[in-house]
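Here's the structure, in structure tokens; my notes come after.
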Amino acid sequence: MRSRRALVAILAASVVFIAFVAAAPPIAYDGDPGFVTDPVDHVATLIGTGTGGQTVGEINNFPGATVPFGMVQYSPDTVGNYAGYNYGNSRSTGFSMTHASVGCAAFGDISMLPTTNGIGAQPWQAWERIAHDDTERGVPGYYTVRFPGTRVKAELTATTRTGVGRFSYPRNGRPALLHVRSGASLAGNSRASIQIGEDHTTITGWATSGGFCGKNNTYTVYFAMKFSQPFTSYGTWDGTAVYPGARGANSPFSGGYVEFPAGAVLEVRTAISYVGIEGARANLAAEGAASFNDVRDAASKSWNATLSRISVAGRNAHDLETFYTALYRSLLHPNTFNDADGRYIGFDGAVHTVAAGHTQYANFSDWDTYRCLAPLQALLFPDRASDMAQSLVNDAEQSGALPRWALANAATAEMSGDNVVPLIVNLHAFGAEDFDTRTALRYMVNAATKGGVGLGGYVERPGIETYLEFGYAPFSFEFRTDGWIAAASITLEWSVDDFAISRFADSLGDTATAAEFQGRSQYWQNLFNPSTGYISPRNWTSFFRAGPAFVVSPSDFGQVGFDEGNAAQYVWWVPHNVAGLVTALGGRDAVAGRLDGFTRKLNVGPNEPYLWAGNEPGFGVPWLYNYIGQPWQTQRTVDRVRGLFGPTADGEPGNDDLGAMASWYVWAALGLYPSTPGTPILTVAAPLFDRIVIALPGGKTIRISAPGASGPRHLNYVSGLSVDGQPTDHTWLPESFVRTGGDLSFTLAAYPDRSWGTSESSAPPSFGAGSSAVTVNVPSPIVTIAPGSTGTVRLDAQRMIGDAGDYTVTGTASDGGITVTPSTGQFSPDGSASIDVPITVARSVSDEYYLAFLTSTVGQSARTSTVLVVVQSPSE
């Protein structure tokens with residue numbers, strides 16, 4: 001394995017990484033690779049701290065010190081980076097206590113900057129250059145960097161609720177200063193306070209921040225800081241002036257400084273709490289007694305045990321480092337929210353106490369994390385995952401509704417969909433069982449039928465009455481997110497959410513609720529436009545917008561009607577009924593060609609009709625080929641997307657989003673993917689490693705064998721698979737596999753095997769119950785007809801079920817003198833039909849506007865379309 005020093009050197013030269021790889025010697029075969037025994041040695045926290053794709057390229061990972069799911073993320077910040085740190089920026093404001101790889105400004109609370117420079121006139125804007133060279137190092141539980149201008153060396157480590165900093169000042173006669181900024185949160189502060197202790201060894205304070213992505217959420221974090229030696233002088237500031245000798249300041253820009261003798265080696269222990277200063281002091285007392293080195297060792301051991309839940313054996317050092325760093329990123333959030341004594345601040349603003357032996361968690365970016373992260377965490381740590389699910393139930397009990405995108409103790413409602421639902425259901429499906437499932441289901445159903453009204457104007461599913469009336473979210477401001485109408489993607493997300501409710505209810509024995517929501521999970525079909533072959537926004541009159549389905553403006557972030565994407569990207573988001581989607585799109589061959597074109601580019605952002613691998617709606621796309629009899633294309637495409645990751649600062653294709661991106665890579669490296677939210681179904685591709693062991697509860701394991709996966713030829717195509725010794729051509733694993741464990745034996749090849757996994761029965765399951773047999777559209781719903789004449793309107797139809805049968809179109813009109821001639825026929829082989837429907841106007845009908853109602857019937861399904869008939873006599 002490469003040394004840490006060499007790895008950091010590669011990080012510093014990430015722009016020439018491709019050349020580095022090209023120059024590397026070939027990997028010689030030296031027998032079966034051994035399992036990694038100390039995974040912490042394969043994690044570099046500077047990986048993925050730079051910029052990935054050209055669009056929304058900020059990866060926003062932090063390199064600092066933390067423990068698994070810790071309250072504290074003690075890490076450096078750089079000027080102007082809204083999530084805290086960017087490897088390409090050397091101007092550092094210091095080190096703050098809280099971080100997350102978010103897409104809007106958040107956290108960065110309670111900052112400190114060691115320096116030997118004078119206080120200056122505006123210390124609240126101070127920064128120092130850090131060295132992005134081989135002296136900057138980040139490993140699990142430890143981070144170090146130097147400041148070249150002042151020659152200060154900083155080292156950070158952490159426990160669950162405390163950060164321990166060790167700052168070594170040069171012996172150059174200059175005073176050793178530490179700035180402590182209470183009012184320095186990355187999203188700004190509405191208020192903040194600092195109090196310098198009279199014992200000359202402590203500082204306390206608090207900061208209130210929030211406003212995530214423009215929302216009205218707030219939180220207050222409290223801190224207690226203890227120094228290893230007394231400071232000799234001190235002062236504060238309030239954002240307008242500096243006050244030497246003052247001990248306190250209250251201002252959104254408040255802060256203070258303390259001074260120590262020149263050449264000091266200073267240890268600073270800082271605990272935080274969301275309950276109060278006394279809670280922070282108690283956390284400090286509970287976790288802040290050990291030495292810096294002991295804390296660092298304990299953090300490393302904790303990470304080593306945590307990461308060892310997955311053991312891999314492979315020859316490629318780059319892949320090992322990328323994998324274990326991605327697994328590390330997948331185990332940072334959500335975060336411990338309760339103090340050491342179990343107390344935490346609830347969504348209702350009151351102090352609650354979590355049950356003994358359990359943890360209250362916060363910070364769930366559900367739109368991002370329900371797809372990959374929740375299943376991974378539940379598979380590896382079902383007890384923690386149970387506490388995560390219970391935490392969200394607790395939040396609902398305190399506020400009235402399940403929180404969407406919960407940050408600290410508030411629901412931000414960021415992004416579209418009701419994604420807290422599939423997050424909880426995925427946790428449950430992959431192993432989390434020790435939580436109040438009945439109460440969770442009650443809140444899910446309440447939101448899905450009545451909206452789910454919480455506190456402060458929060459509604460879990462705004463517009464639910466309209467949605468249920470129409471069977472889709474009409475294109476209107478009622479269905480907007482951040483001022484942007486996202487009605488089409490809301491319909492797609494709510495269809496997935498309702499499927500998750502159905503599966504959850506079924507697992508709890510509530511068959512009536514399961515059946516109701518299984519039917520609702522097919523509402524995506526109501527937005528399928530057979531005239532264009534896309535899922536498109538539809539207005540309240542039931543009409544689709546005329547013209548092409550894919551329309552974007554370069555000045556917009558995606559296409560109106562969709563959230564962070566466009567019609568070409570969102571058409572694939574029907575993960576629970578892929579077979580139904582394939583039928584709608586014209587069958588396997590048509591879908592294969594369409595996927596080939598769509599995946600020609602891999603990471604384009606929201607304004608092009610190609611895959612955007614750097615954002616969550618595209619996560620499942622590479623795996624869709626498994627559903628259409630071309631699993632070798634899944635294997636190829638997954639491997640191409642895996643190639644966007646690597647052991648460099650820019651080693652992720654987009655925003656990590658609290659582990660969402662990293663967890664996709666973890667699954668992909670295992671050759672597995674949780675393809676259907678709400679179920680434990682795993683679909684397969686070729687693993688990256690020759691051998692893998694995943695530890696499950698009760699001593700069970702998933703054991704994966706893929707000889708040659710990491711060898712010199714990089715065998716990345718599957719030519720055979722056995723499950724527990726039995727050969728199979730299924731491209732998916734039984735639902736029970738995540739509970740029972742077992743053996744997966746892959747046979748790999750260097751070239752595509754076009755025979756394995758290609759039959760209809762090889763495809764992963766789809767859940768089409770409740771589907772409509774047909775969708776229809778009248779592209780030009782206005783027809784002008786003279787009295788005594790017949791006109792026609794074109795009706796486009798698409799079969800949505802493979803064996804649906806023929807179609808019949810009948811009609812009525814608002815005037816008895818207007819008749820619709822019935823039409824019957826067969827669908828074309830791709831399931832489409834373009835039907836000319838005759839409408840006759842009797843001579844007795846007066847010139848006026850009339851309505852005709854066309855009913856298209858296929859099997860037991862019927863769709864009604866409205867046509868405006870303009871009766872107009874010829875001009876004389």
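The values are calculated or read from the model by the stated rules, or taken from the named source; none is laboratory data. In this text the structure is predicted, and so the values were computed from the model without any measurement. Every residue, glycine among them, receives a Cβ derived from its backbone with ideal geometry; neighbour counts consider all protein chains shown. To get the accessible areas, we keep the full protein, side chains included, count just its heavy atoms, and leave off ligands, DNA and RNA. Shrake-Rupley method; radii C 1.70, N 1.55, O 1.52, S 1.80 Å.
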*asked:* Out of the strands (runs of 3 or more DSSP E) lying entirely within the range 200-284, which hold 2 or more residues that are closer than 30 Å to G456 by Cβ and at pLDDT 95 or above?
replied: 202-210, 218-227, 248-250, 265-273
_Given (1) assigned to a strand (DSSP E or B); (2) modelled with pLDDT under 95; (3) not polar (S, T, N, Q), identify the lone condition not met by G103._
(1)
_List the residue pairs whose Cβ atoms are under 9 Å apart, where the first residue sits in the range 493-520 and is over 26 Å from V571 (Cβ atoms), the second is outside any helix (DSSP H, G or I) and not polar (S, T, N, Q), and the two are 6 or more positions apart or on different chains._
F504/D510; F504/G678; A514/L508; A515/A769; A515/G770
_Subset of the range 781-816 (residues that are closer than 19 Å to G533 by Cα, open to solvent by 40 Å² or more (accessible area, probe 1.4 Å), modelled with pLDDT of 95 or more and assigned to a loop (DSSP other than H, G, I, E, B))_ = I801
_I'd like the full set of residues that are buried (at least 24 other Cβ atoms within 10 Å of the Cβ) and closer than 17 Å to N250 by Cβ, limited to the range 208-220._
S209
*Restricting to strands (runs of 3 or more DSSP E) lying wholly in the range 124-170: which have 2 or more residues that are polar (S, T, N, Q) and assigned by the TED database to the domain that holds N86?*
162-168
_Just the residues that are within 28 Å of G580 (Cβ to Cβ) and crowded, with 24+ Cβ neighbours inside 10 Å, please, taken from the range 639-664._
A660, S663, W664
*Just to be sure, is G463 open to solvent by 10 Å² or more (accessible area, probe 1.4 Å), in contact with an Asp or Glu (Cβ under 9 Å, 6 or more places away or on another chain) and within 30 Å of S542 (Cβ to Cβ)?*
yes
*Can you spot a residue in the range 490-497 that is closer than 22 Å to N394 by Cα, modelled with pLDDT of 95 or more and among the β-branched types (V, I, T)?*
no
*Does at least one position in the range 397-419 carry a residue that is open to solvent by 30 Å² or more (accessible area, probe 1.4 Å), closer than 30 Å to P697 by Cα and assigned to a helix (DSSP H, G or I)?*
yes
*Subset of the range 88-116 [surrounded by fewer than 24 Cβ atoms within 10 Å (Cβ to Cβ) and in contact with a helix residue (DSSP H, G or I) (Cβ under 7 Å, 6 or more places away or on another chain)]*: C104
*asked:* Contact list please: Cβ distance under 6 Å, first residue in the range 626-648 and charged (D, E, K, R), second residue not in a loop (DSSP other than H, G, I, E, B), pairs at least six apart or on different chains.
replied: R642/A668
*Those residues that are farther than 20 Å from I47 by Cα and open to solvent by less than 20 Å² (accessible area, probe 1.4 Å), I need them from the range 602-615; list them, please.*
G605, P606, L611, W612
*With (1) small (G, A, S); (2) in contact with a helix residue (DSSP H, G or I) (Cβ under 6 Å, 6 or more places away or on another chain); (3) over 30 Å from D348 (Cα atoms) as the list, and A487 as the residue in question, which single condition is left unmet?*
(2)
*Candidates P712, P752, P687 - the one that is in contact (Cβ under 8 Å) with a residue 60 or more places away in the chain, part of a loop (DSSP other than H, G, I, E, B) and under 20 Å from P631 (Cα atoms)*: P752
*Taking the range 572-618 as the search range and keeping residues that are in a helix (DSSP H, G or I), touching a strand residue (DSSP E or B) at 6+ places or on another chain (Cβ under 7 Å) and small (G, A, S), which one is nearest to N526 (Cα to Cα)?*
A584
*asked:* Criterion first (modelled with pLDDT of 95 or more, under 26 Å from G654 (Cα atoms), buried (at least 18 other Cβ atoms within 10 Å of the Cβ) and of a type in the set (D, E, K, R)) does D596 satisfy it?
replied: no
*Can you tell me which residues in the range 521-570 are polar (S, T, N, Q), over 30 Å from G57 (Cα atoms) and either without any contact (Cβ under 8 Å) to a residue 60 or more places away in the chain or open to solvent by 10 Å² or more (accessible area, probe 1.4 Å) (or both)?*
N526, S531, T532, N539, T541, S542
*asked:* Being open to solvent by 10 Å² or more (accessible area, probe 1.4 Å) and over 19 Å from F167 (Cβ atoms) is the filter here; which residues of the range 186-207 pass it?
replied: L186, A187, G188, N189, S190, R191, S193, Q195, E198, D199, T204, W206
*Scanning the range 581-593 for residues that are open to solvent by 10 Å² or more (accessible area, probe 1.4 Å) and touching a residue at least 60 places away in the same chain (Cβ under 8 Å), which turns out nearest to D639 (Cα to Cα)?*
A590
*asked:* I need the full set of residues from the range 251-298 which are touching a helix residue (DSSP H, G or I) at 6+ places or on another chain (Cβ under 7 Å) and buried (at least 19 other Cβ atoms within 10 Å of the Cβ), in order please.
replied: F253, G255, Y257, R269, A271, I272, S273
*Criterion (more than 30 Å from T866 (Cα to Cα) and among the β-branched types (V, I, T)) met by exactly one of V723, V793, V776, V783*: V723
*asked:* Among (1) polar (S, T, N, Q); (2) touching a strand residue (DSSP E or B) at 6+ places or on another chain (Cβ under 6 Å); (3) touching a residue at least 24 places away in the same chain (Cβ under 8 Å), there is one condition T728 misses while meeting the rest; what is its number?
replied: (3)
